Amino acid sequence: MNPHPDLTVGVIHGLGWLYLLMFFLNVGWTVRSFRRDGHYHSLFGVEHIPKAVVWAAFSALLLLVALSHLAVNSDPESFLLRLPLWFKGSVDAIIANPISYFALSMVVFLAVVCLKDWWVQPTVAWTLFNASTIFLALSMTDYDFRQIVGKPDNVPIVGMLYLVGFFTWLYFYKANDNDRRVAEGRPLHEKELSDQVLVWPDLVYTEMVCMLLVTALLIVWGVALPAPLEEPASAVKTPNPSKAPWYFLGLQEMLVYFDPWMAGVVLPTIILVGLMAIPYIDFNKAGNGYYTFEHRKFAVTTFLFGFLPLWIGMIVLGTFIRGPNWNMFGLYEYWDVHKLEVLNNVNLSEMFWLDVMKQPLPRPGADDDILVQVGVILKREWLGILVTLAYLFVIPPLMAVTVFKKFFVRMGFIRYMVLATLVLFMASLPLKMALRWAMNMKYIVAIPEWFFNI
Amino acid sequence: MSVTEYIRKSQLWRSVFRHPAPYDRRNRAVVVLTNFFLHLHPVSAKKGGIALSYTWCMGGVTFFLFLVEALTGVLLMFYYRPTLEWAFTDIRALRDVNTLGIMREIHRWGAHAMVITVWLHMYRVFLTGSYKPPREFNWVIGVLLLVLTLLLSFTGYLLPWDQLAIWAITVGSNMARATPFLGHEGPGFQLLNVGGFDLITNASDARFLLLGARTVGEETLNRFYIMHCVAIPVVVSLLIAVHFWRVRKDGGISQPL
Ligand code: HEM
């Protein structure tokens, strides 16, 4: 028997229940659609057909699929509903490559912001929800996918992705509504709810329902999924890959592009200080206490960029895609410890001295006077140091007189400099990634003698 | 007189709840004012501010999960000894002995859930612009709570003392080695040296402070246990109290002016 079966009877039944759940959800949606979506003027020559027929047909299909899963009792390997190999292959090709993975996450991010008017429409959003769930369900028919997504500690991440997706949708939905109201000169949605109500019962009951739901969720989750316990700790058996807890995997991912002192200490500190600084640098008085996009485009877009592709996206990358030796693996790929990835990254100073100047790299002698050593190191790294200083100190004033002119005038010097520095630090991650992929850049400033690499 | 009425009129009941049932407007206000737990709330609020679709109830759910964690955590503490000899076996025994049923599951999944809800709470506070004046400082307190929530989860991750635990903590704490000036592999540590002796070595740097040793070992387990069960929860409780106080003092949940 195949020790790594793509399909087992248990998996097929599990998926059957999932499809059944989706069937019920879509029946609900069909009812909603019947009440609200109106009719097709004419369809295949028949007139006045409710748009809900599409959903009714889809629900019926789901029911069929669910039943055909639940009816399986033997010979799971010959079950037909599974991902085709060509599909797995093409998804893996995109996912397992850092360039296309990052490009994809950028495209998704841009689509989320730029196409917001389109995708927040309930029907579109519901279709996206269905599509992503079917994608997940079909992916579960792959052995390697299940190994990683089904790890007990990784299950919450899938839940988180749905929640983040839902709340991002809710935000844009409410923001669009308010933005439209403002454009038409009508009051904000929140303004229409400005009468005072008693907290008992209006709030206290909501809270109680939330508590009950959360309790129920925890109990179901706890019964369904035992907490993991692996082998007893052993200081000599290093697992490969060794991963930090999932919520820190974004930070661990930065280690690929930055030295530990940057990725592990400086950048996390900047993230936290930056978060705390937000209320003090956002001088925009509008958008306080209601959902809006139009009134605070820059703030929201910047925050979404940091939260969605950089934070959540990197966690997904770190959890599901980084495998042994921190190589990237496709969603449906076996985590092969021997997968080879050629890494020949070079430092900026090496590019400059070896490739451009055709000279050996200046090296400080171990016995030289300390000042001489410093001099040699500075000579070796001058270009990188200059680039870094320019990045941090020349770009802000340049932006102040160009793209950020309005900001600079309204924010004042200190606020503006804090904002510019934070934005530059945030941008340093994608920039460093791009440099790595485009020219195999390792460090811009490389002073291993002082553990100082950027 | 119905039974409920009889109970409500008894001396015992009235000694606990000093007000009539919250059936009318006046008593619905009184109940919130006189009950210790309910008095975290104002008596009345704007409809838009307490709407579920506005707050997503994410702060409230985070708080509830914190309480769940405290309760289940204390129960787990009865069965767990933070030593190399017992830590792992105690956790394994929990699974077999099952006096506590799914307590460990609830504690672990609740911790994951709390990390997620605290992010979502921050997401909603940002998206409604609720950090803007006068709520700037409460946002800062929130960021501290966010860090502490992650640290709570991180310190707890070590306690089962299995492979998952020690390696995750090893990877997570290795970075401290590279702290500028204070890590023995960080830039600038060589500057802290007196008469040729480095002050910062692998037995005195930031990582050593975190782990209580050069590698993740029994001292680390002890340190993380105390942080996880005592130090961080106390600070978090305090900050949550301040956080809630400030929500009220800053004028309640934000609404358009
Ligand atoms: C342990 C963590 C936390 C708990 C238990 C908590 C709890 C709460 C609760 C119950 C509220 C009332 C409104 C609501 O539920 O949305 C609230 C409001 C608020 N929270 Fe948190 N919070 C936590 C973390 C944070 C974080 C991480 C931030 C931001 C970085 C934050 C910033 C705020 C702000 C600014 C308000 C006022 C919002 C408004 O007036 O609309 N909190 N918090």
Restraint check, A:191/A:297; A:116/A:285; A:191/A:406; A:297/B:132, Cα-Cα greater than 19 Å
A:191/A:297; A:116/A:285; A:191/A:406
Given contacts defined as C-alpha pairs under 8 Å and at least six residues apart, what's the relative contact order of chain A, whole-number percent?
16 percent
With N residues in the stretch A:208-350, what two-decimal value do you get for its Cα radius of gyration over 2.2 N^0.38 Å?
1.42
Return the aspartates and glutamates within reach of residue B:249: Cα separation strictly under 19 angstrom, same-chain partners fewer than 8 residues apart disregarded; answer none if there are no such residues.
B:136
Positive end of the charge dipole of the stretch A:348-453 (Lys, Arg +1 and Asp, Glu -1 on Cβ, about the Cα centre): tell me which of A:353, A:391, A:371 has its Cα farthest that way.
A:391
Apply the a/c threshold of 1.5 to the C-alpha gyration tensor of the protein assembly as shown and tell me whether it is rounded, prolate or oblate.
rounded
Based on the mean of other Cβ atoms within 10 Å per residue, sort peptides A:35-42, A:252-259, A:444-451, B:229-236 so the most packed one is first.
A:252-259, A:444-451, B:229-236, A:35-42
Quick calc, the stretch B:1-44, dipole around Cα centre from Cβ unit charges on Lys, Arg (+) and Asp, Glu (-), nearest 20 debye, gives 80 debye
Excluding residues on the same chain fewer than 8 positions from residue A:151, give the aspartates and glutamates whose Cα lies under 12 Å from its Cα.
A:230
The stretch B:47-249: C-alpha gyration tensor shape, a/c 1.5 cut-off, then a/b vs b/c
oblate
Shielding by partners - mean other protein chain Cβ count within 10 Å, residues of A:288-295:
6
Rule-of-thumb Rg ratio for the stretch A:1-114 [Cα; 2.2 N^0.38 Å; N residues]
1.47
Could you give the distance between the Cα centres of the stretch B:191-257 and the stretch B:43-99, to the whole Å?
20 Å
The rounded separation in angstrom of the Cα centers of the stretch A:265-282 and the stretch A:238-257 is 22 Å
About its Cα centre, how strong a charge dipole does the protein assembly as shown have in debye, to the nearest 20, once Lys and Arg get +1 and Asp and Glu get -1 at the Cβ?
2580 debye
In degrees between 0 and 90, to the nearest 10, how far off the longest principal axis of chain A does helix A:85-95 point, with axes built from Cα atoms?
40 degrees
Averaged across the residues of B:60-71, what count of C-beta atoms belonging to other chains lies within 10 Å of each residue's C-beta?
2
Between the Cα axis of helix B:163-174 and the main Cα principal axis of chain B, the angle (0 to 90°, nearest 10) is 70 degrees
In whole percents, the bins of 10 Å from zero upward hold the Cα-Cα pairs of the stretch A:274-423 as 9, 20, 21, 25, 20, 4, 0
Say the cut-off is 22 Å between C-alpha atoms; which of A:88/A:432; A:358/A:379; A:405/A:432 go over it?
A:88/A:432; A:405/A:432
Could you give the distance between the Cα centres of the stretch A:106-137 and the stretch A:62-82, to the whole Å?
28 Å
Dipole axis of the stretch B:47-249 (+1 Lys, Arg; -1 Asp, Glu on Cβ), positive-most option in B:111, B:228, B:142
B:142
Rounded, prolate or oblate for the stretch B:1-44? Axes are the square roots of the Cα gyration tensor eigenvalues, ordered a ≥ b ≥ c, and the cut-off for rounded is a/c under 1.5.
oblate
Cα-centred dipole magnitude for the stretch A:1-157, charges only on beta-carbon of K, R (+1) and D, E (-1), debye, nearest 20:
460 debye
Go ahead and estimate [θ] at 222 nm for chain A from helices alone: -39,500 (n - 2.57) per DSSP H run with n ≥ 4, summed, over the residue count, rounded to 500.
-18500 deg cm²/dmol
Go through A:286, A:414, A:324 and say which Cα lies farthest out towards the positive end of the charge dipole of the stretch A:267-419; charges sit on Cβ, +1 for Lys and Arg, -1 for Asp and Glu.
A:286
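Laboratory data are not the source of any read-out in this text; all were calculated from the coordinates shown. Quantities reported herein were computed from a predicted structural model and do not represent experimental measurements. Neighbour counts run over all protein chains shown; Cβ positions are idealised from the backbone, glycine included.
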